[in-house]
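The values are calculated or read from the model by the stated rules, or taken from the named source; none is laboratory data. Note that the structure is predicted; figures quoted are calculated from it, not measured. Neighbour counts run over all protein chains shown; Cβ positions are idealised from the backbone, glycine included.
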């Protein structure tokens with residue numbers, strides 16, 4: 001199983017050795033090919049309610065589902081969860097005292113409502129295409145497309161990675177849900193990058209990389225989709241992380257990461273430039289059957305949910321943001337892991353008049369994750385998501401999800 005999928009499984013709610021096994025390993029001359037991935041699908045029941053005012057629309061940054069135009073708030077659908085279905089190919093070899101590998105993967109959907117509505121029109125995601133080379137004595141270099149460094153540990157340790165979390169849709173067509181994205185952390189995204197990771201030094205490691213600059217949505221709230229504003233970039237994005245891992249009766253890791261991007265957009269025919277930056281700290285520890293995770297981030301012009309989304313207002317004034325999540329899991333004698341999590345993401349106003357945007361997205365999750373077989377896990381989740389705007393409008397939705405995820 002490729003490194004990112006291993007991390008996802010090992011860092012997620014199950015954290016069971018049976019779920020982190022390698023995929024289908026094929027010797028091929030000087031190479032070893034690992035064919036790996038997962039298939040998952042969930043039935044979702046969603047109940048949406050506008051609790052105050054007219055509700056918070058998605059265009060304003062709110063993540064809680066709203067009633068439809070007829071006032072209907074109940075819906076059902078079958079969709080993929082936070083982790084998309086996955087098929088990955090990783091080849092590894094050692095040549096001239098250098099470890100070399102490549103990874104290519106693609107991610108199909110569980111549902112599709114694009115025209116002509118026959119369920120076969122949507123293009124799959126392609127999240128990985130990278131090569132690495134290095135040695136345990138001096139570290140590893142990565143070139144290509146993979147998960148971003150900043151906030152990467154936040155998503156990899158989110159228990160809803162094997163489930164649904166926020167963003168469950170009661171209608172066919174959603175590729176993936178949000179999990180804790182936007183309700184506890186900013187999405188790390190999948191980015192073209194050149195990065196370097198040090199060797200493990202008695203538990204310590206560090207990573208640094210230059211990234212393809214994100215296409216960042218404009219900060220202006222309108223009835224139509226916001227325009228992409230990163231028309232020019234003065235430099236690559238920069239992301240980095242330091243981490244310490246430890247073992248013993250209490251095992252786990254602590255980490256801190258950061259990101260900085262220059263953004264240039266056009267306002268009234270003139271260029272406007274600013275720097276969007278963020279940093280975070282987190283810890284994930286376990287002792288016996290108990291696991292605890294705590295995470296917090298702070299951003300300047302970084303916005304909410306997606307990096308840079310609503311990071312500035314229409315005049316270029318930056319908005320501050322912060323948030324985090326706490327999570328506890330416990331394995332009962334049946335092998336089922338029970339989990340409880342709370343997360344929130346906050347977005348400050350740029351000016352006193354900046355009231356139409358979301359103020360806070362918050363989420364409660366209760367989950368049960370049961371290993372039915374060595375590779376197949378049954379999942380049940382309840383999620384409550386609430387979105388509050390600075391003008392006091394609110395949306396709230398409750399969702400219940402049942403499904404399964406199979407790793408190979």
Problem - residue 252 within 19 Å of the chain's Cα centre (by Cα) and not in a loop (DSSP other than H, G, I, E, B) - result: no
Handout entry: Qualifying residue in the range 397-406 (condition: under 19 Å from residue 185 (Cα atoms), crowded, with 16+ Cβ neighbours inside 10 Å and in contact with a strand residue (DSSP E or B) (Cβ under 9 Å, 6 or more places away or on another chain))
Key = no
Exercise for the section: Check whether at least one residue in the range 225-248 is out of contact with any strand residue (DSSP E or B) (no Cβ under 7 Å at 6 or more places or on another chain), at pLDDT below 90 and farther than 18 Å from residue 195 by Cα, and report yes or no. Expected result: yes
Problem - Lone qualifier among 303, 258, 323, 252 - being closer than 23 Å to residue 161 by Cα, in contact with a strand residue (DSSP E or B) (Cβ under 7 Å, 6 or more places away or on another chain), at pLDDT 95 or above and crowded, with 22+ Cβ neighbours inside 10 Å - result: 323
Handout entry: Residue match in the range 311-331 (condition: farther than 21 Å from residue 264 by Cβ and part of a loop (DSSP other than H, G, I, E, B))
Key = no
Practice task
Give just the number: which of (1) more than 18 Å from the chain's Cα centre (by Cα); (2) crowded, with 18+ Cβ neighbours inside 10 Å; (3) at pLDDT 95 or above does residue 362 not satisfy?
Solution key: (1)
Handout entry: Residue within the range 283-293 that is outside any strand (DSSP E or B) and at positive phi present
Key = yes
Handout entry: Filter result (assigned to a strand (DSSP E or B) and either touching a residue at least 60 places away in the same chain (Cβ under 8 Å) or touching a helix residue (DSSP H, G or I) at 6+ places or on another chain (Cβ under 8 Å) (or both)) within the range 353-370
Key = 358, 361, 362, 363, 365, 367, 369
Practice task
Return yes when residue 378 is closer than 24 Å to residue 288 by Cβ and loosely packed, with under 15 Cβ neighbours inside 10 Å and no when it is not.
Solution key: no
Handout entry: So residue 350, is it over 22 Å from residue 169 (Cβ atoms) and in a loop (DSSP other than H, G, I, E, B)
Key = yes
Completion exercise
The condition of being crowded, with 16+ Cβ neighbours inside 10 Å and modelled with pLDDT under 95 holds, among 276, 270, only for 276
Practice task
Kindly indicate whether any position in the range 36-54 is at pLDDT 85 or above, farther than 26 Å from residue 370 by Cα, outside any helix (DSSP H, G or I) and in contact with a strand residue (DSSP E or B) (Cβ under 6 Å, 6 or more places away or on another chain).
Solution key: yes
Exercise for the section: Within the range 66-81, identify whether any single residue is surrounded by fewer than 16 Cβ atoms within 10 Å (Cβ to Cβ), within 30 Å of residue 313 (Cβ to Cβ) and either at pLDDT below 90 or out of contact with any helix residue (DSSP H, G or I) (no Cβ under 9 Å at 6 or more places or on another chain) (or both), and answer yes or no. Expected result: yes
